[in-house]
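Okay, so here's the structure we're looking at.
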Amino acid sequence: MIILFLLIGLILAAVGGAPLGASNIAVVSAATSGNQIRARRLILGAGLGEVALAFLAVCYSSLLAEFFQMNPWVQASFIGLFFLVGIGFLLATRLRHFPKVKTPKLPETALSSGFLLAFLNPPVLLFWILAIGLSSRYLLPISDQSSILVLSLFFLGVMLGKAMILQAYALYGKRIQERGAGDKNKLYRLIGVVLIVLSTLQGLRFFLI
């Protein structure tokens, strides 16, 4: 019976992580560049970031919901950011012949980058607040009053679910890398269109509801 908490965490993380987001894009980008080590570190970091979001939703759901209601600019800013990123991906294929600017190499920060890309995502935090509320009402109760074992299994499920989804994105990116630049350009255009459509729909829902 208690293993169901792990399955709930896994399923919720898979559902929340399936739509294209910042961490998904970063993993695909690393995989299409042939950098599988960076992709794996991004996956690990993003998994930890997803657990942190779920932890916040479990412990401070009411406070966070009130914060987003009082500060709608936070969600609006991320909607605008995703729209601009989508435009950037559409332009990437046209600007690929521009000369590359040499930049100094920075220390490997894929783990922390993956964490921040997953964690700094208000729409996903809102998803977790809603998902945990629905789970507690219709499936199994999950709250800061739950036992350590229950919460540990739930957060482990969240970690595994996020990692599974991102690994699937990484495998897809690896296939794109093996096929060549033509497929990579198609992928960039697809990512750009998806981000623009999703951000537009989120924007309409945000401003009209």
Can you tell me which residue within the stretch 41-77, out of those that are crowded, with 16+ Cβ neighbours inside 10 Å and among the β-branched types (Val, Ile, Thr), is farthest from Leu111 (Cα to Cα)? Val58
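Select, from Leu151, Leu198, Leu134, Leu140, the only residue that is outside any helix (DSSP H, G or I) and either over 16 Å from Pro19 (Cα atoms) or within 16 Å of the chain's Cα centre (by Cα) (or both). So that I can check it myself, show each step before the final result.
Working: Leu151 fails: outside any helix (DSSP H, G or I); Leu198 fails: outside any helix (DSSP H, G or I); Leu134 fails: outside any helix (DSSP H, G or I).
Step by step, each of Leu151, Leu198, Leu134, Leu140 is checked, and only Leu140 is outside any helix (DSSP H, G or I) and either over 16 Å from Pro19 (Cα atoms) or within 16 Å of the chain's Cα centre (by Cα) (or both).
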Criterion (out of contact with any helix residue (DSSP H, G or I) (no Cβ under 7 Å at 6 or more places or on another chain) and either within 18 Å of Ile43 (Cα to Cα) or open to solvent by less than 80 Å² (accessible area, probe 1.4 Å) (or both)) met by exactly one of Leu171, Leu160: Leu171
Enumerate the pairs (first residue in the stretch 26-48 and farther than 18 Å from Asn121 by Cβ; second residue anywhere and assigned to a helix (DSSP H, G or I) and polar (S, T, N, Q)) with beta-carbon separation below 6 Å, excluding pairs fewer than 6 apart on the same chain, so at least 6 apart or on different chains. Thr32/Gln177; Gly34/Gln177
Can you name the condition, by its number, that Leu149 falls short on among (1) more than 23 Å from Ala46 (Cβ to Cβ); (2) in contact with a Ser or Thr (Cβ under 7 Å, 6 or more places away or on another chain); (3) at pLDDT 85 or above? (2)
Among the residues of the stretch 86-110, count how many are surrounded by fewer than 17 Cβ atoms within 10 Å (Cβ to Cβ), at pLDDT 75 or above and closer than 30 Å to Leu53 by Cα. 3
Just checking, which of Leu126, Leu120, Leu134, Leu116 is at pLDDT 90 or above, within 29 Å of Ile79 (Cβ to Cβ) and surrounded by fewer than 20 Cβ atoms within 10 Å (Cβ to Cβ)? Leu116
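The values are calculated or read from the model by the stated rules, or taken from the named source; none is laboratory data. Here the structure is a predicted model, which means the values were calculated and not measured. Positions of Cβ are generated from backbone atoms using ideal geometry, with glycine treated the same way; all protein chains shown enter the neighbour counts. Note: accessible area is taken over every heavy atom of the protein model, side chains too, but ligands, DNA and RNA are not part of it. Shrake-Rupley method; radii C 1.70, N 1.55, O 1.52, S 1.80 Å.
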